[in-house]
Each structure stands twice: as structure tokens, then as C-alpha cells.
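Here the structure comes first, spelled out in C-alpha cells, and everything after it is commentary.
Just so it is clear, none of the values below were taken in a lab; they were calculated from the coordinates. The structure presented is a predicted model; accordingly, all values stated were derived computationally and were not measured. Positions of Cβ are generated from backbone atoms using ideal geometry, with glycine treated the same way; all protein chains shown enter the neighbour counts.
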Amino acid sequence: MSITRRLVAAALPLAAFVPAVAHARPAPDFTAIDADGKTRSLSEFRGKTVVLEWTNEGCPYVRKHYSGNMQGLQQAARADGVVWLTIASSAPGKQGHFADGAAAKAWMNARGAKPTALLLDADNKVATLYKAKTTPHMFVIDKTGAVVYEGAIDDKPTNKVEDIQGSKNLVAAALGDLKAGRKVATPFVTPYGCSVKYKDA
């Protein structure tokens, strides 16, 4: 089972990326400590669009998007008033675990990451609430508190940086729909990447 989880979606056929029928659902509230040691909650951002991004600094799929793609998305979204919460859910002893906030901030600074906050979820509570499966795994929550998009960051499920060019960024598309006052056209696409490193995996 652990091998399967490590390879989640890495070899999924392209057919798995056909959008499934999904309906907006209430986003579970949560609290978590950020890299600055501050307690943050989803409810503090009520009335704003929020992006949740699951990350693992050791994952090649995350490294692909942190070649500049993810940072650009973060900056563009925040410029539009979107709250961007990056979540590190790797358990202690697992790939991508941050021992403390200082380690998390060092990684953010080294990568030029620009989220609103990086949340430390080593006990997997937030990941479990959202059933986060991969890194990255993306969620877009609208101003009413409903999950209106969840899944892959784009439509090219590889870990190759060169594949970013020419791909359709599904998070940017969902945010664009919300900004224009439209219903999100593609509410779900199967996520791809490394498995989230749960403590019991």
C-alpha cells in the first residue's frame, strides 16, 4: 500500500484527467500554526477567495512547479485579493517534513515563494479534513466558503519543467471564472504528484 501511495497518479493514464462531475461543497474549517508561529484558521478569511496548495519540498512534481510557475500563480492571485495558503502535511520522519517554522521559512525564501501563509500540518489534521492526496493538490474556495475547484494544478501530469509551457493551468482558470462572476467551468480534475506523506502511510 505504501508503494501505491508514493506513486499516486504518477502513472495515471490521460483519461483519468477528464473532469468529473462535481458540486460545490462547504469547505471544512480548520486551524493550523503558520511558519511564523501564528495560529491561522480558514474562518479568518471568510468573504475572500482562498487557494489551498499542498506542498512537499522533496517531491519532483512540486519542484517542477516551483521552478517559477507556482510563485507566479501565488503573486498573481494575491494581487487579485486571493488568500493563498500553502500547507505542508508531511509527518515527522517523512519526505518534505519541516522540523519547525524556521526551516519552512528558509525553504520559502530560497524558492521565492509568495503565499499568504505557509501552514505546518505535520499531524495531518488539515490534510485529513480535505482528503488531500498528492503534492501538489489544489483547492479553490469561493467567497461563500464553498470548494469550487479541487484537483490537479494543470492538465499535464508530469514532473518535467518543460511541460509547464503549453499546459492549461486549472487553478488559474478557476480563479479567472470566479473573478468574472462565472461558475467554475471545470470543478474537479484528478490530482497528480507524490502522495501526501501521512504519518500512518
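Among rounded, prolate and oblate, which fits the chain when a ≥ b ≥ c are the square roots of the eigenvalues of its C-alpha gyration tensor, a/c under 1.5 means rounded, and a/b larger than b/c means prolate?
The shape class here is rounded.
Set the Förster radius R0 to 25 Å, insert the Cβ-Cβ distance between T158 and A76 as r into 1/(1 + (r/R0)^6), and round the FRET efficiency to 0.05.
The pair T158/A76 has a calculated efficiency of 0.65.
Give a residue-ordered list of calculated ³J(HN,Hα) values for the range 27-43 (Karplus: 6.51 cos²θ - 1.76 cosθ + 1.60, θ = phi - 60°; whole Hz; x for Gly, Pro).
Per-residue couplings from phi come out as 7, x, 6, 7, 10, 7, 8, 8, 5, 8, x, 8, 7, 10, 9, 5, 5 Hz.
Could you calculate the FRET efficiency of Q165 with T144 from 1/(1 + (r/R0)^6), where r is the beta carbon distance between them and R0 is 30 Å, rounded to 0.05?
0.30
If you consider only alpha-carbon coordinates, what radius of gyration and Dmax does the range 37-146 have, in Å?
Rg, Dmax (Cα atoms, Å): 13.1, 37.
From the phi of every residue in the range 96-102, what ³J(HN,Hα) in whole Hz does the Karplus formula 6.51 cos²θ - 1.76 cosθ + 1.60 yield, where θ is phi - 60° and glycine or proline is x?
x, 6, 9, 5, 6, x, 4
Among DSSP beta bridges whose residues both lie in the chain, state the antiparallel percentage, nearest 5.
If I count the DSSP bridges inside the chain, around 60 percent turn out antiparallel.
Rounded to the nearest 500, what is the 222 nm mean residue ellipticity of the chain from helices alone, with -39500 (n - 2.57) per DSSP H run of 4+ residues and division by all residues?
Calculated from helices alone, the mean residue ellipticity at 222 nm is -6500 deg cm²/dmol.
State the antiparallel share, in %, of DSSP beta bridges confined to the range 53-167, rounding to the nearest 5.
For the range 53-167, the DSSP antiparallel bridge percentage is about 40.
Skipping prolines and chain starts, which residues have an amide H placed within reach, meaning under 5 Å, of the one on L119, given they are 5 or more residues away or on another chain?
T86, I87, A88
Going by the alpha-carbon gyration tensor, a ≥ b ≥ c the square roots of its eigenvalues, is the range 41-82 rounded (a/c under 1.5) or, if a/c is not under 1.5, prolate (a/b greater than b/c) versus oblate?
Oblate shape, in that a/c is at least 1.5 and b/c is the bigger or equal ratio.
So between A106 and S41, what do we pick up on full extension, going 0.36 nm a residue minus the alpha carbon distance?
21.1 nm
Do any of K38/K183; K125/K179; K156/K183; K64/K143; K131/K168 go past 26 Å between their Cα atoms, and which?
K38/K183; K125/K179; K64/K143
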